[in-house]
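**Q** Before I ask anything, let me first share the structure, which is written out below as C-alpha cells.
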Amino acid sequence: MHRHVEIRTGDDIRTRTGFTEENIENSLKTMAFTVGPDRLVLAAVPGPARIRYGRLASALGVSRSALRSADEAALRKLDMERGGVGPICDAPDVTVVFDAAVPRMGMVLFGSGRPHCTVEAEAADIVRVPPKAVVADITSP
C-alpha cells in the first residue's frame, strides 16, 4: 500500500506523488461503466494505454452505445471514489474486464478505491480475484 496526497489524473500522479515514469508504465488504469440501469463494469488496462470502447463493448456482449461512464452513485455502490477506482472487486454482479496485456505485466500499481492510496501487487494474481473477470484485447495496439 502506498499512501499519498489525493490524485485523480495522470498529471496528478506525476506531480503529486513519488511515483516514477517506470511506476506509471507498470500501473493499471481502471475505469468504471454502467450498462443499462443495473450492470456495473470495471475495465482495467495498462496505465499508458487507451481503452477502445468498441472492443470493451464486444467483450461484454453489448453495443458500444450501451456503455456509460459510471456516476458517483454507482461508484458508491462499489465503495470507490473517482481517482481511486481499482480492479479489485469481489461483488458478484460486477464484471471486471482486464486488457489481454495485464496478466503478463508483473508487479503493478493500481487504485485501492480511494484517491489517496495506491496498491502494488502481481498482475497475474489480480486477474484471479473478481468473480466475474474477463480478459480481452480492449486497448489500442
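**Q** Which count do you get for residues in region 90-108 that are open to solvent by 10 Å² or more (accessible area, probe 1.4 Å) and under 17 Å from A70 (Cβ atoms)?
**A** Going residue by residue through region 90-108, those that are open to solvent by 10 Å² or more (accessible area, probe 1.4 Å) are 90-93, 100-101, 103-107.
Checking which are under 17 Å from A70 (Cβ atoms) leaves us with 91, 93.
Qualifying residue count for the region: 2.
**Q** Let me ask you something else. Give region 72-101 a look and list any residue that's on the phi > 0 side of the Ramachandran plot and touching a strand residue (DSSP E or B) at 6+ places or on another chain (Cβ under 9 Å), or say none. First the steps, then the outcome.
**A** Within region 72-101, the first condition is being on the phi > 0 side of the Ramachandran plot, and the residues that meet it are 79, 83.
Listed by number, the list holds a single entry, G83.
**Q** Another question about this same structure. Failed condition for S65, given (1) open to solvent by 30 Å² or more (accessible area, probe 1.4 Å); (2) closer than 23 Å to T9 by Cβ, with all others met?
**A** (2)
Here is a yes/no grid of residues against (1) of a type outside the set (D, E, K, R); (2) free of Cβ contacts under 8 Å to residues at least 40 places away in the same chain:
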{"residue": "P48", "(1), (2)": "yes, yes"}
{"residue": "S69", "(1), (2)": "yes, yes"}
{"residue": "A74", "(1), (2)": "yes, no"}
{"residue": "D79", "(1), (2)": "no, yes"}
{"residue": "R82", "(1), (2)": "no, no"}
{"residue": "D90", "(1), (2)": "no, no"}
{"residue": "T95", "(1), (2)": "yes, no"}
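**Q** Check off (1) free of Cβ contacts under 8 Å to residues at least 60 places away in the same chain; (2) surrounded by fewer than 16 Cβ atoms within 10 Å (Cβ to Cβ); (3) not hydrophobic (A, V, I, L, M, F, W, C) for D137 and give me the number that stays unchecked.
**A** Tallying (1) free of Cβ contacts under 8 Å to residues at least 60 places away in the same chain; (2) surrounded by fewer than 16 Cβ atoms within 10 Å (Cβ to Cβ); (3) not hydrophobic (A, V, I, L, M, F, W, C), D137 fails exactly one: (1).
**Q** Can you report the number of residues in region 21-36 which are modelled with pLDDT under 75 and open to solvent by 70 Å² or more (accessible area, probe 1.4 Å)?
**A** We begin by selecting, within region 21-36, every residue modelled with pLDDT under 75; these are 21-24.
Among the residues that remain, those that are also open to solvent by 70 Å² or more (accessible area, probe 1.4 Å) are: 21-22.
The qualifying residues number 2.
**Q** Starting from residues that are basic (K, R) and either crowded, with 22+ Cβ neighbours inside 10 Å or touching an Asp or Glu at 6+ places or on another chain (Cβ under 9 Å) (or both), keep the ones in region 37-61 and report whichever is modelled with the lowest pLDDT.
**A** Filtering region 37-61 for residues that are basic (K, R) and either crowded, with 22+ Cβ neighbours inside 10 Å or touching an Asp or Glu at 6+ places or on another chain (Cβ under 9 Å) (or both), the one modelled with the lowest pLDDT comes out as R39.
**Q** Tell me which residues, restricted to region 37-92, are among the basic types (K, R) and closer than 17 Å to P131 by Cα.
**A** R39, K77 - these are the residues of region 37-92 that are among the basic types (K, R) and closer than 17 Å to P131 by Cα.
**Q** Continuing with the same structure: Answer with yes or no whether A57 is touching a residue at least 40 places away in the same chain (Cβ under 8 Å) and among the hydrophobic types (A, V, I, L, M, F, W, C).
**A** No, not satisfied.
The values are calculated or read from the model by the stated rules, or taken from the named source; none is laboratory data. All values derive from a computational prediction rather than experimental measurement. Every residue, glycine as well, gets a Cβ built from its backbone with ideal geometry; the counts of neighbours run over all protein chains shown. The area values use the complete protein model at the heavy-atom level, side chains included, leaving out ligands, DNA and RNA. Shrake-Rupley method; radii C 1.70, N 1.55, O 1.52, S 1.80 Å.
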